[in-house]
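The block underneath contains the structure these notes are about, expressed in structure tokens.
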Amino acid sequence: MNFFQKIKEKISSAAEAVTQTFKTGLSKTSEQLVKRVEALFFRNSKIDEGFFEELEEILIMADVGVQTTLQVIEAMRKEAKQRRLTNSIELKPVLVEYLLGLFPEQLDQTIIYAKSGPTVIVYVGVNGVGKTTTIAKMAHRFKLEGKRVMVAAGDTFRAAAVEQLDIWANRVGVPIVKHEQGSDPSAVVFDAIRSAKLQNIDVLMIDTAGRLQNKANLMEELNKMVRVIQREIPDGPHEVLMVLDSTTGQNALSQAKLFGEKSGVTGLVLTKLDGTAKGGIVIAIRRELNLPVKYVGLGEKAEDLQPFDREQFIHALFGEWMVNIPSD
Ligand SMILES: Nc1nc2c(ncn2[C@@H]2O[C@H](COP(=O)(O)OP(=O)(O)OP(=O)(O)O)[C@@H](O)[C@H]2O)c(=O)[nH]1
Ligand SMILES: [Mg+2]
């Protein structure tokens, strides 16, 4: 095997590993959604009212969202009528293609980097959604890409939050800037930016305390952190990533709606997809909010955080199923 073949093989095995991560991470959703859809197609070979009603229910149960589900059903009705389809099996590829088409084509996952100097990424979200873990996973990714990474312990509120990030920073092998619990998070941010500049850091990631969008003082604290960043780095923060726990379903959607309005969120990270059968929430969120889904959490290991890829996503859900689509 020559050098180029070896490289090619390596790349494709990496791609295969990603596919597997998506498949495993989405297996609960796939099991629920696809098995039920499959059973429906098996039972109802005729395209009738009952067929559409049940399909509607299945999609809503998977948290695809009412609005989006109604659009999908409407499109399928139209297609069936126009093409005079009678057997439900003929609607299989229409469904898969339509779901794929629900995601805008642009590359959602691309992180916006600084033109020069450190790229600053702030992580925000309510308590326990996975902000700190996501920072650790991202630190691991960026490091593998050869970037110089630094993290800042901007959650000075919760007991043990600084320690949690410290442990991660050590494990991943990246420097951390931290102050004592109870200190002003903006001061941590200030120090972190100074030291990121001095150390030629490529990516500085700032952890923040979990907060609800209706807590005015905490939202103001967040704004203050952003102002401190902007004073030091005028085009920063380059990303404000809102982390959402997908196991909370429609709740995550409303959090993002309310939070996004108030805090200049530039993108979303959807964690814990491996823990829910309602992974359709990714579709609902992508449809109902004008915010890109940059990364998805498909498990607890560092490699389980993946850039969101609509094709991997739909393929992981419907892959086996698409193979069985009869060609005409
Ligand atoms: N299964 C699974 N667990 C995850 C994922 N992401 C985070 N978690 C877990 O979620 C829990 C909370 O994660 P944290 O990173 O501490 O959440 P946080 O948003 O920083 O929480 P606060 O700082 O308390 O607001 C931890 O037990 C993580 O291991 C994921 O993608 N899959
Ligand atoms: Mg945290």
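The values are calculated or read from the model by the stated rules, or taken from the named source; none is laboratory data. Keep in mind the model is a prediction, meaning the values are calculated, not measured. Using ideal geometry, Cβ is built from the backbone for each residue, glycine included, and neighbour counts are taken over all protein chains shown. When the accessible area is computed, the model is the full protein with side chains, heavy atoms only, and any ligands, DNA or RNA have been set aside. Shrake-Rupley method; radii C 1.70, N 1.55, O 1.52, S 1.80 Å.
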Flag if Glu288 is open to solvent by less than 40 Å² (accessible area, probe 1.4 Å), farther than 23 Å from Lys137 by Cα and of a type in the set (D, E, K, R): no
Condition check for Thr21: at pLDDT 90 or above, part of a helix (DSSP H, G or I), under 24 Å from the mean Cα position of the chain (by Cα) and under 17 Å from Phe313 (Cα atoms): yes
Residue that is farthest from ligand 1 (Cβ to nearest atom) [pool: residues in segment 124-135 that are open to solvent by less than 10 Å² (accessible area, probe 1.4 Å) and either farther than 11 Å from Trp168 by Cβ or touching a Lys or Arg at 6+ places or on another chain (Cβ under 8 Å) (or both)]: Val124
Which numbered condition Asn223 misses (of (1) more than 15 Å from ligand 1 (Cβ to nearest atom); (2) farther than 30 Å from Val18 by Cα; (3) in a helix (DSSP H, G or I); (4) at pLDDT 95 or above): (4)
Of all residues making up segment 204-220, the number that are modelled with pLDDT of 90 or more and within 16 Å of ligand 1 (Cβ to nearest atom): 6
Qualifying residue in segment 142-160 (condition: touching a residue at least 60 places away in the same chain (Cβ under 8 Å) and open to solvent by 10 Å² or more (accessible area, probe 1.4 Å)): no
Residue list for segment 141-168, filter: in contact with a Pro (Cβ under 7 Å, 6 or more places away or on another chain) and either within 16 Å of ligand 2 (Cβ to nearest atom) or charged (D, E, K, R) (or both): Gly154, Thr156
Long-range neighbours under 7 Å by Cβ, at least six apart or interchain, first residue closer than 20 Å to Ile229 by Cβ within segment 257-270, second of a type in the set (S, T, N, Q): Phe259/Gln213; Lys262/Gln213; Val269/Thr134
The lone exception for Lys46 - which of (1) open to solvent by 70 Å² or more (accessible area, probe 1.4 Å); (2) free of Cβ contacts under 8 Å to residues at least 24 places away in the same chain it fails: (2)
Residue that is farthest from Arg141 (Cα to Cα), among those in segment 177-223 that are in contact with a Phe, Trp or Tyr (Cβ under 8 Å, 6 or more places away or on another chain) and of a type in the set (A, V, I, L, M, F, W, C): Ala209
Tabulated pairs, segment 64-76, first at positive phi, second part of a helix (DSSP H, G or I) and acidic (Asp, Glu), C-beta under 8 angstrom, 6+ apart or interchain: Gly65/Glu288
Matching residues, segment 92-148, being part of a loop (DSSP other than H, G, I, E, B), out of contact with any helix residue (DSSP H, G or I) (no Cβ under 7 Å at 6 or more places or on another chain) and of a type in the set (A, V, I, L, M, F, W, C): Leu107, Ile111, Ile112, Ala114, Val129
Residues that are open to solvent by 10 Å² or more (accessible area, probe 1.4 Å) and not in a loop (DSSP other than H, G, I, E, B), drawn from segment 200-220: Ala216, Asn217, Leu218, Met219, Glu220
Sole exception among (1) within 12 Å of ligand 1 (Cβ to nearest atom); (2) more than 22 Å from the chain's Cα centre (by Cα) for Met138, by number: (2)
Residue match in segment 182-198 (condition: of a type in the set (S, T, N, Q) and either within 12 Å of ligand 2 (Cβ to nearest atom) or open to solvent by 70 Å² or more (accessible area, probe 1.4 Å) (or both)): no
Residues of segment 14-39 classified as hydrophobic (A, V, I, L, M, F, W, C), away from ligand 1 (no atom under 16 Å from the Cβ) and buried (at least 17 other Cβ atoms within 10 Å of the Cβ), total: 3
